[in-house]
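Heads up, the thing below is written out as structure tokens.
Readers should treat all values here as calculations from the given coordinates under stated rules, not as data from a laboratory. These figures come from a predicted structure and were not determined experimentally. Please note: Cβ atoms are built from the backbone with ideal geometry, for glycine as well, and neighbour counts cover all protein chains shown.
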Amino acid sequence: MIRINLLPHREEKRRARRQQFYGLLGLVSLLSVVIVLLVYSVIAGYISAQDARNDFLKREIAALDKEIDQIKRLKEQTDALLDRKRIIESLQRDRADAVRLLSELAKQMPEGVYLKSLKQEGQRIAMTGYAQSSARVSTLMRNIEASPWLEKPELLEIKAVIVDKRRLNEFSMNASIKRTPADQGAQK
């Protein structure tokens with residue numbers, strides 16, 4: 001006799017495969033979720049570690065900026081002190097120059113020549129005055145040229161004027177102060 005299997009064995013095989021498929025699908029989904037969470041936590045760990053390093057660097061940069069500001073202030077103070085020192089040295093060096101200049105002018109001034117004003121700007125001296133004759137002005141210029149402290153006399157103007165009912169020559173002259181090599185070395 002022919003046996004006919006009426007049991008739906010194919011249907012059961014399909015159902016078993018479907019269950020196996022869904023089981024594997026759930027397992028793979030669960031595994032992928034676990035992997036994604038692991039990767040996320042690792043990346044989050046790297047990010048937090050980098051943030052911590054960035055914060056550390058920001059704090060160190062801020063500390064170094066403060067130190068740089070302090071160094072700049074110290075440098076400015078040092079420069080100010082050096083400038084003061086140079087000024088004091090120049091005052092020390094030049095304190096006798098006015099006395100020496102007036103003494104030298106008194107020595108080189110010929111008789112009959114009188115100064116009305118004397119002005120010094122750096123190494124230049126501007127003089128205005130009166131002379132009894134123009135020859136005395138030229139004598140003054142020769143004396144200045146021969147002087148060890150003065151040089152380069154330059155007559156700017158000479159004109160005849162009447163002062164206290166006397167006829168005089170009013171003159172304007174420039175000259176320079178000579179610097180010895182020791183003075184120039186001290187300036188630098």
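Other residues whose C-beta falls under 12 angstrom from the C-beta of Asn174 contribute a net charge of -1, scoring Lys and Arg +1 and Asp and Glu -1. In this simple spin-label model, placing a label point 7 Å from the Cα along the Cα-to-Cβ direction at both Gln77 and Ile47 gives a separation of 4.7 nm.
Nearest 500 deg cm²/dmol is fine: what mean residue ellipticity at 222 nm does the chain get from its DSSP H runs of n ≥ 4 alone, each adding -39,500 (n - 2.57), divided by its residue count? Before the final figure, lay out each step's value.
Working: 4 runs with 118 residues, N = 188.
After summing the helix terms and dividing by the residues of the chain, the value is -22500 deg cm²/dmol.
Taking a ≥ b ≥ c as the square roots of the Cα gyration tensor eigenvalues, with a/c under 1.5 meaning rounded and otherwise prolate when a/b beats b/c, else oblate, which class fits the range 11-95?
On the way: a/c = 19.89, a/b = 12.25, b/c = 1.62.
Judged from the Cα gyration tensor, the range 11-95 comes out prolate (a/c at least 1.5, a/b above b/c).
Could you compute the net charge surrounding Gln19? Neighbours are other residues with a C-beta less than 14 Å from the C-beta of Gln19; K and R count +1, D and E count -1.
That works out to +3.
Rounded if a/c is under 1.5, else prolate if a/b beats b/c, else oblate: with a ≥ b ≥ c from the C-alpha gyration tensor eigenvalues square-rooted, which is the chain? Don't jump to the answer; show the numbers that get you there.
On the way: a/c = 9.14, a/b = 5.87, b/c = 1.56.
Judged from the Cα gyration tensor, the chain comes out prolate (a/c at least 1.5, a/b above b/c).
Using the Cβ of Arg59 as centre and a radius below 15 Å, the other residues enclosed give a net charge of -2, where K and R count +1 and D and E count -1. Of all aspartates and glutamates in the structure, those lying under 19 Å Cα to Cα from Lys119, and not within fewer than 8 positions of it along the same chain, are Asp94, Asp97, Glu104, Glu145, Glu151, Glu154, Glu157, Glu170. Only lysines eight or more places from Lys75 in sequence, or on another chain, were considered; those with a Cα closer than 28 Å are Lys58, Lys66, Lys85, Lys188. Here r is the Cβ-Cβ distance between Ile88 and Lys152 and R0 is 35 Å; the resulting FRET efficiency, rounded to 0.05, is 0.75. Ordering Leu105, Leu168, Ser29 by Cα displacement along the dipole of the chain toward the positive end leaves Ser29 in first place; charges were set at the Cβ atoms of Lys, Arg (+1) and Asp, Glu (-1).
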